[in-house]
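In what follows, a single structure is set out as structure tokens and then discussed.
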Ligand code: SF4
Ligand code: SF4
């Protein structure tokens, strides 16, 4: 682990609205782990999924503007984003811009040409690879003992593997290992990389009710008290839409859906406000109250 | 099941065009069905994804550009990841949707409206503005009750801002869209 970890940070649009708590917990956890996040000045939307469904040059230009801005930053080792959809766009653009012909087409749309030189990583990948579960363990302030979680990665964090180049594409384990490092227990969850319904919540809510419903059912069936995610869209579908899902499927889930950064933060002794626990739709408090207090004291106080 | 007269509706140019735009060789597909087996959207598709590939090989342009599946594909990458012939199937689906759009199809009007509202919001503010996007979607589709039940869950948590978070210079992003349209795109 290098002594200084400095990154260009791309929060993504949802960080300003529906996933505020992912953003604030990411910033807090990274700071606690010695990772310096420098927000890309005046970053704009990467195009998310809508742009590539219209045209790939448009999509790469929207993502590319941000890559170009990051390239102007001093002394950063990579671009980090918490959101897998942003990650996919930034990574796809970086890969495609390697082709000079395509790059020329994209640059026609941009004010400042983009070179796509910086690596792009998810916050999950950076915490897992650049810090690592073993370095997290000694920093634990409160062990999450007794907390049973279904780890859900979403469909595009690891796929396609050649592009995402991180963890296993059928059975990713990075989040499991981080949760394990802070004392929580992950249950078997075979739908780790199944799609939750993505951005169809508005246009085709029935799809989200069906696909996210299956995820909640399996998590409950396998004994999880809560789910842990790394994607703003997955979290929103499972948490904010949980009542809609329950109504459509005649279920009665009350399953908190955490961002992995919220749980890491809790274990590292960070405040609930910073972690945005109060911003979750399904209250996490009954589940959090159940965390056993064994080993809380003394074991590696916050540095 | 629809009966399709393959010979009278075959369009070879279409196949070549899809291959060119996607960079994928469509003839490599040997119909193993892996893509369909893993596709979480098969239950809402009118044509399962391996059949999309088959109809593509047979040059069935009209059937494909007017189908629902290409609008409902969520780009989840399951098919691409699991295709034994390394075909980037999700990319093919994306390209078919680009073509459908260019030719004026909107088979899943709600999905198209959502995409349009999203991009309009980005063009205006430089960033996606969730509340504005919802309002514009409602105006386009007339679906007034869309997600009103979510507002009480979001407003007190300060998650649904009534104002956009603009970038400093939204024109820089608007110009990207403008130049894109100048090249004849819609
Ligand atoms: S997985 Fe690949 S080869 Fe198999 S049917 Fe689908 S596209 Fe064809
Ligand atoms: S990318 Fe589209 S076609 Fe492929 S499995 Fe996912 S939803 Fe189905």
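Is the range A:86-98 home to any residue that is assigned to a loop (DSSP other than H, G, I, E, B) and surrounded by 17 or more Cβ atoms within 10 Å (Cβ to Cβ)?
yes
When you go through (1) more than 20 Å from the chain's Cα centre (by Cα); (2) assigned to a helix (DSSP H, G or I); (3) buried (at least 23 other Cβ atoms within 10 Å of the Cβ) one by one for residue A:114, which number turns out not to apply?
(2)
Counting just the residues of the range B:22-43 that are within 11 Å of ligand 2 (Cβ to nearest atom) and more than 11 Å from chain A (Cβ to nearest Cβ), which one comes out surrounded by the most Cβ atoms within 10 Å (Cβ to Cβ)?
Looking at the filtered set, the residue picked out is B:35.
Mind listing whichever residues of the range A:1-16 are under 24 Å from residue A:64 (Cα atoms) and either crowded, with 23+ Cβ neighbours inside 10 Å or touching a strand residue (DSSP E or B) at 6+ places or on another chain (Cβ under 9 Å) (or both)?
A:5, A:6, A:7, A:8, A:9, A:10, A:11, A:12, A:13, A:14, A:15
Starting from residues that are under 11 Å from the mean Cα position of the chain (by Cα) and free of Cβ contacts under 8 Å to residues at least 24 places away in the same chain, keep the ones in the range B:71-98 and report whichever is nearest to the other protein chains (Cβ to nearest Cβ).
B:75
Which members of the range A:154-177 meet the condition of being assigned to a loop (DSSP other than H, G, I, E, B), away from chain B (no Cβ under 12 Å) and touching a residue at least 40 places away in the same chain (Cβ under 8 Å)?
Those that are assigned to a loop (DSSP other than H, G, I, E, B), away from chain B (no Cβ under 12 Å) and touching a residue at least 40 places away in the same chain (Cβ under 8 Å): A:166, A:167.
Applying the selection to the range B:25-43, what residues are within 18 Å of the chain's Cα centre (by Cα) and either part of a loop (DSSP other than H, G, I, E, B) or away from ligand 1 (no atom under 16 Å from the Cβ) (or both)?
Hits for the range B:25-43 are B:39, B:40, B:41, B:43.
Sort through B:108, B:123 and tell me the only one that's more than 16 Å from ligand 1 (Cβ to nearest atom), over 17 Å from residue B:177 (Cβ atoms) and touching a residue at least 24 places away in the same chain (Cβ under 8 Å).
Only one candidate passes the filter, namely B:108.
Can you spot a residue in the range A:32-48 that is in contact with a helix residue (DSSP H, G or I) (Cβ under 8 Å, 6 or more places away or on another chain), at pLDDT 95 or above and part of a helix (DSSP H, G or I)?
So far as the range A:32-48 goes, yes, one or more of its residues are in contact with a helix residue (DSSP H, G or I) (Cβ under 8 Å, 6 or more places away or on another chain), at pLDDT 95 or above and part of a helix (DSSP H, G or I).
Yes/no matrix, rows are residues, columns are (1) at pLDDT 95 or above; (2) touching a helix residue (DSSP H, G or I) at 6+ places or on another chain (Cβ under 6 Å):
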| residue | (1), (2) |
| --- | --- |
| B:78 | yes, yes |
| B:82 | yes, yes |
| B:90 | yes, yes |
| B:95 | yes, yes |
| B:102 | no, no |
| B:108 | no, yes |
| B:116 | no, no |
| B:128 | no, yes |
| B:133 | no, yes |
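So which residues in the range B:148-174 are at the interface with chain A (Cβ under 7 Å from one of its Cβ atoms), surrounded by 18 or more Cβ atoms within 10 Å (Cβ to Cβ) and under 26 Å from the mean Cα position of the chain (by Cα)?
Of everything in the range B:148-174, those that are at the interface with chain A (Cβ under 7 Å from one of its Cβ atoms), surrounded by 18 or more Cβ atoms within 10 Å (Cβ to Cβ) and under 26 Å from the mean Cα position of the chain (by Cα) turn out to be B:150, B:173.
Restricting to the range A:184-214, give me the number of residues that are more than 23 Å from residue B:130 (Cβ to Cβ), facing another protein chain (nearest Cβ under 9 Å) and surrounded by 23 or more Cβ atoms within 10 Å (Cβ to Cβ).
The number of residues fulfilling the criteria is 1.
Of all residues in the range B:44-54, count the ones that are outside any loop (DSSP other than H, G, I, E, B) and surrounded by fewer than 18 Cβ atoms within 10 Å (Cβ to Cβ).
Of the residues in that region, 2 qualify.
Quick one: residue A:129 ticks every box in (1) buried (at least 22 other Cβ atoms within 10 Å of the Cβ); (2) part of a helix (DSSP H, G or I) except a single one, so which number is it?
(1)
Can you give me the number of residues within the range B:56-69 that are buried (at least 20 other Cβ atoms within 10 Å of the Cβ) and assigned to a helix (DSSP H, G or I)?
4
Pairs, please: C-beta under 8 Å, at least 6 apart or cross-chain, first residue touching a residue at least 60 places away in the same chain (Cβ under 8 Å) and in the range A:190-205, second assigned to a loop (DSSP other than H, G, I, E, B)?
Filtered contacts from the range A:190-205: A:198/A:155; A:198/B:74; A:198/B:75; A:198/B:76; A:199/B:74.
Scan the range A:192-203 and give yes if some residue there is touching a helix residue (DSSP H, G or I) at 6+ places or on another chain (Cβ under 7 Å), more than 16 Å from ligand 1 (Cβ to nearest atom) and more than 24 Å from residue B:73 (Cβ to Cβ), otherwise no.
no
Across the range A:24-45, what is the total count of residues that are surrounded by 24 or more Cβ atoms within 10 Å (Cβ to Cβ), touching a residue at least 40 places away in the same chain (Cβ under 8 Å) and out of contact with any strand residue (DSSP E or B) (no Cβ under 8 Å at 6 or more places or on another chain)?
Qualifying residue count for the region: 1.
Would you confirm whether any residue within the range B:50-66 is modelled with pLDDT of 95 or more, within 13 Å of ligand 1 (Cβ to nearest atom) and within 14 Å of another protein chain (Cβ to nearest Cβ)?
There is no residue in the range B:50-66 that is modelled with pLDDT of 95 or more, within 13 Å of ligand 1 (Cβ to nearest atom) and within 14 Å of another protein chain (Cβ to nearest Cβ).
What number of residues within the range B:128-147 are within 20 Å of residue A:63 (Cα to Cα), at the interface with chain A (Cβ under 7 Å from one of its Cβ atoms) and touching a residue at least 12 places away in the same chain (Cβ under 8 Å)?
So the count comes out to 1.
The values are calculated or read from the model by the stated rules, or taken from the named source; none is laboratory data. This structure is a prediction, so every number in the text was calculated from the model and none was measured. Cβ sites come from the backbone with ideal geometry, for glycine too, and all protein chains shown count toward neighbours.
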